[in-house]
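Read through the structure below, which is laid out as structure tokens, and then see the notes.
The values are calculated or read from the model by the stated rules, or taken from the named source; none is laboratory data. Here the structure is a predicted model, which means the values were calculated and not measured. Cβ coordinates were reconstructed from backbone atoms using ideal geometry, including for glycine residues, and neighbour counts include every protein chain displayed. Quick note on the areas: whole protein, heavy atoms, side chains included, nothing else; ligands and nucleic acids left out. Shrake-Rupley method; radii C 1.70, N 1.55, O 1.52, S 1.80 Å.
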Amino acid sequence: MFRYTILPVSFFLYTQKISSLTVQADELHLDLVSVSCMIHPDAASKEDLSTEESSSQSKQLRNVACGLFAVWAVSSVSPVIAASQRLPPLSTEPNRCERAFVGNTIGQANGVYDKPLDLRFCDYTNEKTNLKGKSLAAALMSDAKFDGADMSEVIMSKAYAVGASFKGTDFSNAVLDRVIFDKANLQGASFKNTVLSGSTFNDAQLEGVDFEDTIIGYIDLQKICTNKTISEEGRVNLGCR
């Protein structure tokens, strides 16, 4: 049997005081400044919280309110960069391109990382070994080359691949979740048995792409089917109408 609790009106008087909540695209991090959970002043004056029992209940309600706000803040704001936003400066880290061979070890689903995985302008042409099965969550891939690379079974959550080249790239059995492929060259790439969830392909070149057994939602399907470069075979495999 499900158990539920009816919350008093005072619960909704708890407010979250947010002086500043900004997503710094240039820094690629979330800046939460002066965030605090507090009791609405009117609530304290209107309700008698003198007894120990009511005080305990008040604290519990405050904790619930703060917890709900924390969940909302983490889930609704992420480090993914929109196609229209400016990117952070190119990383000066030595061997930054080789970091793709290690990938991100945390945040596979939500693109969380300790520092950006900056692969911009890197050349992985015909790389057949070191990218397979890697986690490239929130990777910056714009203007990089992955032509002919084996990227099967990779996990690319919230990656930014605007203008990148993936000609003939093997993405079979990969998870491409909320990846921005806008203006990318994907001619001849393989998405066989690949999960394409929430990814965008605006102005991308999709000639000859293999979409056999691609796993894609209805809304995402409607969007990708508007791309006129998809071949007739590709449209049949996708189920475009």
Matching residues, segment 183-241, being assigned to a helix (DSSP H, G or I) and either of a type in the set (A, V, I, L, M) or in contact with a strand residue (DSSP E or B) (Cβ under 9 Å, 6 or more places away or on another chain) (or both): I219, D220, L221, K223, I224, E233, G234, V236, N237, L238
Positions within segment 185-196 being open to solvent by 40 Å² or more (accessible area, probe 1.4 Å) and farther than 18 Å from K145 by Cα, in sequence order: K192, N193, V195
Odd one out for I155 among (1) open to solvent by less than 40 Å² (accessible area, probe 1.4 Å); (2) modelled with pLDDT of 90 or more: (1)
Cβ pairs under 9 Å, 6+ apart, first in segment 179-195 and among the small types (G, A, S), second not in a loop (DSSP other than H, G, I, E, B): A184/S165; A184/Q205; G188/D210; A189/D170; A189/D210; S190/D170; S190/D210
Whichever residue in segment 198-230 is of a type in the set (S, T, Y) and open to solvent by less than 40 Å² (accessible area, probe 1.4 Å) and, among such residues, is nearest to the chain's Cα centre (by Cα): S199
Members of segment 112-134 found to be farther than 19 Å from S91 by Cα and under 19 Å from the mean Cα position of the chain (by Cα), listed by number: G133, K134
Among (1) crowded, with 20+ Cβ neighbours inside 10 Å; (2) in contact with a Phe, Trp or Tyr (Cβ under 9 Å, 6 or more places away or on another chain), the one test that N237 misses: (1)
Matching residues in segment 92-129 - criterion: being at pLDDT below 90, open to solvent by less than 90 Å² (accessible area, probe 1.4 Å) and hydroxyl-bearing (S, T, Y): Y113
